[in-house]
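J.: I have a structure here, written as structure tokens, and I will follow up with some questions on it.
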């Protein structure tokens, strides 16, 4: 007889920080006896871990919440919880509960550690629960069980919050002020992860460069010192990545540590946002393009094989054609290996929302098109130069249908190649055999080396769906909706 197991579905939107926090939510639910599923019709609880960075993200989230209404009718005992950055915004919790009365729990970014208690409170009282706190000391309570689902990579928070207040960004308002975790806690977590077989550790923070934690003696330490200490677990083979890095706070000391390190990746994400000093000033970025370019040069000089990636906002209020051309010039100078370009969109509650010199949508789209054209030109050219060269690759996944392995280079770029599944979770040498635009195909340099590789049980994110995909579930849903409709009609006739 099959046991009646409670099931959960978590839908994650936004950045890597949210991905990792969903792992923490999954850890809470699994500790309380839930198992993961892929359809809301099967779930006893659905959790939305939301993003507020861009307007289209919110629209997508609200649309998906709306899709749950009929499933909630079919399954009235199902719990729906909304958390993350969107719900942390001022007055959003009340708006969510008013617009979607079938939602059961609303919680903010600072309430994640309390989610177990909120769930218990909802079950015991049967009433809606809404808790949005401004408490920014989550780092002091971050001892949650984590159900990691990012394969060979493990996310590690080193700090929370942001003090920068870029005029386009909602993050400081929903994540709070900067709080750094004690170094001892970070070192302990990383060592434990390495002992469990994880091969890549990605350090997370809204601005990792401004990390100011305390060592075991209570002394304040910098991000550079933290990196130096994390580079010294020499009994393991591993990589250290970090994101996101603010140009204002990237120090020469940090660049020196990376250059001399054994385990820290030389791929550095350094968001420029704009190549125009006037735009950077209005953005409140705290650096000019001369400072940014000097960092690019210093990184190149000290780390010759470094690869830079960046973020760029197109069409920020007041951006002129000359401002945009300056951004293209920075792209040509830095020769980024990847560029994440976005059209500026207003975020409620930020200074940029109220700026009067908004750029026309048509102009923004045209500029983004030109940016992407230059981006592809640079990346395709640089990728083509890789053909015939050998690289150390961390094998991350295996596609059984295609019989292909997928791995990442030090720069973060993905490469695919044929090989046995047992390579997953290992570092192997791969030669670039073919390049099609920016897509890289390779071949293992020495296949014999894979014989001793032991298969790892790394969990990967599963594909999730709000609405059920199978016909039987759809039939049950339609029947329950009709039954509820008939019951409502009988009540109204009395």
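The values are calculated or read from the model by the stated rules, or taken from the named source; none is laboratory data. Keep in mind that what you see is a predicted model, and the values were worked out from it rather than measured. Cβ atoms come from the backbone with ideal geometry, glycine included; neighbour counts cover every protein chain shown.
Each row is one residue, and each column tells you yes or no for (1) in contact with a helix residue (DSSP H, G or I) (Cβ under 7 Å, 6 or more places away or on another chain); (2) surrounded by fewer than 18 Cβ atoms within 10 Å (Cβ to Cβ).
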position: 151; (1), (2): no, no
position: 156; (1), (2): yes, no
position: 161; (1), (2): yes, no
position: 166; (1), (2): yes, no
position: 174; (1), (2): yes, no
position: 178; (1), (2): yes, no
position: 192; (1), (2): no, yes
position: 201; (1), (2): yes, no
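J.: Does at least one position in segment 40-53 carry a residue that is closer than 23 Å to residue 155 by Cβ, surrounded by fewer than 22 Cβ atoms within 10 Å (Cβ to Cβ) and out of contact with any helix residue (DSSP H, G or I) (no Cβ under 9 Å at 6 or more places or on another chain)?
T.: No, that holds for no residue.
J.: Of (1) in contact (Cβ under 8 Å) with a residue 40 or more places away in the chain; (2) surrounded by fewer than 22 Cβ atoms within 10 Å (Cβ to Cβ); (3) touching a strand residue (DSSP E or B) at 6+ places or on another chain (Cβ under 8 Å); (4) not in a helix (DSSP H, G or I), residue 130 satisfies all except one. Which?
T.: Every condition holds for residue 130 apart from (1).
J.: While we're looking at this one, here's another question. Could you tell me which numbered condition residue 390 fails, if it satisfies all but one of (1) closer than 23 Å to residue 238 by Cα; (2) surrounded by 18 or more Cβ atoms within 10 Å (Cβ to Cβ)?
T.: (2)
J.: When segment 196-223 is examined, which residues are found to be outside any loop (DSSP other than H, G, I, E, B), touching a residue at least 12 places away in the same chain (Cβ under 8 Å) and more than 20 Å from residue 269 (Cβ to Cβ)?
T.: Matches in segment 196-223: 213, 214, 221.
J.: Going by the conditions given, is residue 349 in contact with a helix residue (DSSP H, G or I) (Cβ under 9 Å, 6 or more places away or on another chain) and surrounded by fewer than 19 Cβ atoms within 10 Å (Cβ to Cβ)?
T.: Yes; evaluated as a whole, the condition is true for this residue.
J.: Would you confirm whether or not segment 414-423 contains a residue that is outside the structural domain of residue 236 (by TED's automatic domain parsing), in contact (Cβ under 8 Å) with a residue 40 or more places away in the chain and on the phi < 0 side of the Ramachandran plot? First the steps, then the outcome.
T.: Initial filter on segment 414-423 (outside the structural domain of residue 236 (by TED's automatic domain parsing)): 414-423.
In the following step, the residues that additionally are in contact (Cβ under 8 Å) with a residue 40 or more places away in the chain were identified as none.
Scanning segment 414-423 turns up no residue that is outside the structural domain of residue 236 (by TED's automatic domain parsing), in contact (Cβ under 8 Å) with a residue 40 or more places away in the chain and on the phi < 0 side of the Ramachandran plot.
J.: Suppose the filter is assigned by TED's automatic domain parsing to the domain that holds residue 337 and either under 24 Å from the mean Cα position of the chain (by Cα) or more than 21 Å from residue 187 (Cα to Cα) (or both); does residue 261 pass it?
T.: no
J.: Can I ask one more? Is it true that residue 121 is surrounded by fewer than 17 Cβ atoms within 10 Å (Cβ to Cβ) and in contact with a strand residue (DSSP E or B) (Cβ under 6 Å, 6 or more places away or on another chain)?
T.: For residue 121, the condition - surrounded by fewer than 17 Cβ atoms within 10 Å (Cβ to Cβ) and in contact with a strand residue (DSSP E or B) (Cβ under 6 Å, 6 or more places away or on another chain) - is met.
J.: Name, by its number, the condition in (1) surrounded by fewer than 21 Cβ atoms within 10 Å (Cβ to Cβ); (2) in contact (Cβ under 8 Å) with a residue 60 or more places away in the chain; (3) closer than 23 Å to residue 355 by Cα that does not hold for residue 285.
T.: (1)
J.: Also: Would you check which residues across segment 440-451 are in contact with a strand residue (DSSP E or B) (Cβ under 8 Å, 6 or more places away or on another chain) and outside any loop (DSSP other than H, G, I, E, B) and list them? Please lay out each step first, then the result.
T.: Let us first name the residues in segment 440-451 that are in contact with a strand residue (DSSP E or B) (Cβ under 8 Å, 6 or more places away or on another chain), namely 440-446, 449-450.
Within segment 440-451, 440, 441, 442, 443, 444, 449, 450 qualify.
J.: Next question, about the same structure. At least 3 residues that are under 18 Å from residue 341 (Cβ atoms) in each: list the strands (runs of 3 or more DSSP E) lying fully within segment 236-323 that qualify.
T.: Ranges flagged: 307-314.
J.: Taking residue 341, is it closer than 24 Å to residue 325 by Cα and in a strand (DSSP E or B)?
T.: Yes: the conditions hold for residue 341.
J.: Looking only at residues in segment 134-179 that are within 20 Å of residue 25 (Cα to Cα) and out of contact with any strand residue (DSSP E or B) (no Cβ under 9 Å at 6 or more places or on another chain), which one is modelled with the highest pLDDT?
T.: If we take residues in segment 134-179 being within 20 Å of residue 25 (Cα to Cα) and out of contact with any strand residue (DSSP E or B) (no Cβ under 9 Å at 6 or more places or on another chain), then 145 is modelled with the highest pLDDT.
J.: Yes or no: residue 229 at negative phi, more than 19 Å from the chain's Cα centre (by Cα), surrounded by fewer than 22 Cβ atoms within 10 Å (Cβ to Cβ) and not in a helix (DSSP H, G or I)?
T.: When the stated conditions are applied, residue 229 does not pass them.
J.: Filter segment 415-434 down to the residues that are surrounded by 19 or more Cβ atoms within 10 Å (Cβ to Cβ) and either in a loop (DSSP other than H, G, I, E, B) or over 27 Å from the mean Cα position of the chain (by Cα) (or both) and list them by number.
T.: Result: 419, 424, 425, 426, 430, 432.
J.: Next question. Can you name the residue in segment 396-414 that is assigned to a strand (DSSP E or B) and within 21 Å of the chain's Cα centre (by Cα) and is also surrounded by the fewest Cβ atoms within 10 Å (Cβ to Cβ) among such residues?
T.: 414
J.: Name the residue that is surrounded by the most Cβ atoms within 10 Å (Cβ to Cβ), counting only residues in segment 85-104 that are in contact with a strand residue (DSSP E or B) (Cβ under 6 Å, 6 or more places away or on another chain) and closer than 21 Å to residue 39 by Cα.
T.: In this case the residue turns out to be 103.
J.: Oh, and also: Take the residues in segment 366-387 that are within 15 Å of residue 312 (Cα to Cα) and in contact with a strand residue (DSSP E or B) (Cβ under 7 Å, 6 or more places away or on another chain), then tell me which one is surrounded by the fewest Cβ atoms within 10 Å (Cβ to Cβ).
T.: 372
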